[in-house]
Every structure is written in structure tokens, then in C-alpha cells.
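Peer 1: Just passing along the structure, written as C-alpha cells.
Every number here is computed from the coordinates shown, using simple stated rules; none is lab data. Please read these numbers as outputs of a predicted model, since none were measured by experiment. Don't worry about glycine lacking a Cβ; one is built from the backbone with ideal geometry, like all the others, and counts go over all protein chains shown.
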Amino acid sequence: MTLAITVALARPVERRQSCTITSTSQVAAAKSACTTITIGTLEVPAGTTLDLTDLKSGTHLNFAGTVTFGFAEWEGPMISVSGTDLTITGESGHLIDGGGPQWWDGQGSNGGVTKPKFFALHSLTSSSVTGLNVKNTPVQGFSIDNCEELTVTDVTIDDSDGDAGGLGHNTDAFDIGSTDQLTITGANVKNQDDCIAVNSGTNIRFTNGVCSGGHGLSIGSVGGRDDNTVSNVVIQDSTIENSQNGVRIKTVSGATGSVTGVTYSDITLSGITDFGIVLEQDYENGSPTGVPTAGVPITDLTIENVHGTVTSSATDILILCAACSDWTWEDVSVTGGKKSTACEGVPSGASC
């Protein structure tokens, strides 16, 4: 038989079944019957998640049309995907449009209109995401949580419309938690918050990224969650431009946890307005205390071949530590701004 979503069930059981979804009413049948699912042009109703969780093992999920979302005040997520051995792709010309201007009010997730988080990649195992084209997330973009062996390649996130009037806020591109063996490569991000924020996880790589307009390449904030451990993270061969910060590690004031084995290498900065490199153990949301605490030590950190410029009103480097040790600091040159007079606890070999 043939469903409205083009399911060829007459084929032998061992053959892959194909579905094309153009209405959310077709999703449940597609998840049940198909291992090749194409998302065509689709309008997701207000306050509804495009629920692509628990897909069959080995499913190929392909975004081919334009996906849009109705307006409602709710927390989201707007899209959710989970499963094992999934291949998630975007065809040339597709677009996933979060409709951010409907929600943007300059307050993000700190107040105002309740805004939905965008795309949950949760509980993915041995899977890949390639070539997705995203525009105007209401707040946070991709939440990557409880994943193992996930590769994210050539994803574009363009929230630059939110720059106008400062209306876009908290539009983190990739928030990462409790994930092991994650690689993000070739990301192109324009937003108003962290390009990447590793809140917890291990064996994580971010390479060949271009980040513009946001808060930089961040570890953290670390602390105050169920999982507060970050280890074995490599961030390399990337560019941060026209952003508040470049290289950033932020641990939460008074919290506990650990940050160890992090490497930033071959990073180019330009047009940074606040801090070229900022490594701080005093973080509170939006209001650092200025007094570092030792509950989340930063150890075995490597900063190498990080170079570029900040604006004249910015600070080149700020290091604010209460428990930092075993750092490697090589070929670092950040210029154009002010030299900090507030640095504290700078480990041997590093400079501020």
C-alpha cells in the first residue's frame, strides 16, 4: 500500500522504506514504517515539536524543503531527533527557518516572551549530521546532550537578523552536555551568544569553524549542573570575528566540577570587542563577580598559536584563577586593546 507520505510497503521487509513528510500529521507513520525519511516543505504548528525521536536504527533523515514554525510562547524544542546509526543531511536549497523575529525582544531566555529552544540532538549514538542550513533560532540553537560518537559537519547557522536593535539574545549555536566522542567541523555561525559552549563532556573536537557576532568559543559555563566535568577537548583551526570574546573558559562562582585537557590551537581573532582571551573562575550569568573560586579547577590547558586583534576599548587577555595549573602557553599574540590590571592566579608560563 502507499501512505500519503509515500511509503512503499509492498517491497520486501528487508528493503528500505521511504517516506516524504509535508505535514506533522504524517510523522508518526513515517517513524513507524520508514528508514529513509525526507522532510519536504513543512509548516510546524505553533507550540509543537517536530518529533523525530526514536527513529529506527540506520535511518537516513534528509531535510529537502523549507521548514517553518508557527508562533507560540513555549519552551520547545522546535525539533527533536534521537536514535542509533542515524544519517541526518540537508539537500542543496533546503532551509530550516526558526522564525526568530517573532520572538526576539532583546531578552533571550532571561525574560520577556517565552522562547522555544530550537533543535535537540539528544541520545544519538554512532550518528552524523551534515549540511544543515539554519536561520533565525529564537534562542539557543543545537542542544547536543547524552550523545556518543556523533559527527556534525558543515552546518550553517545564520541568526544575523537578530543583530538589528540588539533583539537577538542567547542564541548559542552549539550547547554541549554529557556527551562523549563528538566532532563538529566546518560550522559557519552568525549569532549573538556562544558559538560553542561545552558545559560537560569528553573527547570533543571543534575544527575549521567560522564564528561571527557572538561570544566566542567557550568551555562552560561549568558548574551548577548534574554533570560538571569537561575533559579532552580540542578547539582548533578556527576564526572568531566581530564577536564579544574570542577564546573563553568560564567556571561558575562557588560551584564544583573540573576542566582538564583542553586545547585551543591555531585560532584567529579579529574585531573582538570585550576580551581576546578570557579564562575566568568567577562566572555568574551576565555578572562575573571578579573574585575567582577554586571549586572547578582548570588544569592541563594548552593555548597555542592564538593570534589576532581586539578593538581599542577591549582587553587583550584576562586570566582570573583560584585553581589553575599545568598550562602550556605558546605563540600567543593578541593585540589592539588594553592590558588587564585585574589578572589573578596566572599559572606559570601564561601571560596576561
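Peer 1: Over region 196-338, calculate the relative contact order: mean separation of alpha carbon pairs under 8 Å at least 6 apart, over the residue count, as a percent.
Peer 2: Once normalised by length, the contact order is 21 percent.
Peer 1: Local charge sum around GLU149 (other residues, Cβ-Cβ under 15 Å, Lys/Arg +1, Asp/Glu -1)? Spell out each step's value before the answer.
Peer 2: Working: positive: ARG205; negative: ASP85, ASP145, GLU148, ASP180.
Value of the local net charge: -3.
Peer 1: I would also like to ask the following. Compute the projected area of the convex hull of the Cα atoms of region 228-352, averaged over all viewing directions, and report it in nm² to one decimal place.
Peer 2: Approximately 6.6 nm², given one-decimal rounding.
Peer 1: How far apart, in nm, are two points set 7 Å out from the Cα along the Cα-to-Cβ line at GLU304 and at ASN203?
Peer 2: 2.2 nm
Peer 1: Let me check against my output: what whole-number percent is the relative contact order of region 259-350, with C-alpha pairs under 8 Å and at least 6 apart? Write out the running numbers ahead of the final one.
Peer 2: Working: 236 pairs, mean separation 29.9, N = 92.
Relative contact order of region 259-350: 33 percent.
Peer 1: Putting +1 on Lys and Arg Cβ atoms and -1 on Asp and Glu Cβ atoms, find which of HIS122, GLY83, ILE235 reaches farthest to the positive end of the dipole of the chain.
Peer 2: My answer, from the dipole projection, is GLY83.
Peer 1: OK, next. Would you order LYS56, LYS338 from fewest to most other beta-carbon atoms within 10 Å of each residue's own beta-carbon? Could the numbers behind the result be given before it?
Peer 2: On the way: LYS56 18, LYS338 13.
Neighbour counts put them in this order, fewest first: LYS338, LYS56.
Peer 1: Counting only other residues whose beta carbon sits under 12 Å from that of SER265, what net charge do I get with K and R as +1, D and E as -1? List each step's numbers first, then the result.
Peer 2: Numbers: positive: ARG205; negative: ASP237, ASP266, GLU304, GLU330, ASP331.
With Lys, Arg at +1 and Asp, Glu at -1, the net is -4.
Peer 1: Here is a follow-up. Net charge around ILE96, counting only other residues with Cβ within less than 13 Å of its Cβ (Lys, Arg = +1; Asp, Glu = -1)?
Peer 2: Computed value for this residue: -4.
Peer 1: With labels modelled as points extended 7 Å from the Cα through the Cβ direction, what inter-label distance (nm, one decimal) is found for ASN285 paired with THR341?
Peer 2: 3.3 nm
Peer 1: From zero outward in steps of 5 Å, how is the percent of C-alpha pairs of region 69-182 spread across the bins?
Peer 2: 3, 12, 22, 23, 18, 13, 8, 2, 0
Peer 1: While we're here: Can you grab the distance from the C-alpha centre of region 294-333 to the C-alpha centre of region 214-251, Å, no decimals?
Peer 2: Cα centroid to Cα centroid, the span is 12 Å.
Peer 1: Among all cysteines in the chain, which have no other cysteine Cβ under 4.7 Å from their own Cβ?
Peer 2: When partners are defined as cysteine Cβ atoms under 4.7 Å apart, the chain leaves CYS147 without one.
Peer 1: While we're here: Defining a contact as two alpha carbons under 8 Å apart and six or more residues distant in sequence, what relative contact order in percent does the chain show?
Peer 2: Values: 1177 pairs, mean separation 28.8, N = 352.
Across the chain, relative contact order equals 8 percent.
Peer 1: Ranking request for peptides 117-125, 329-337: highest mean number of other beta-carbon atoms within 10 Å first, then the rest in descending order. Before the final figure, lay out each step's value.
Peer 2: Values: 117-125: 22.4, 329-337: 15.8.
Sorting 117-125, 329-337 by mean packing, highest first, produces 117-125, 329-337.
Peer 1: What distance in nm lies between label points placed 7 Å from Cα along the C-beta direction at THR328 and SER25?
Peer 2: Placing both labels 7 Å along Cα→Cβ, they lie 6.0 nm apart.
Peer 1: What GluC sites (Glu not before Pro) does region 273-326 have in DSSP loop regions with at most 16 other beta carbons within 10 Å?
Peer 2: Of the GluC sites (Glu not before Pro), the ones in loops of region 273-326 whose Cβ has at most 16 other Cβ atoms within 10 Å are GLU284.
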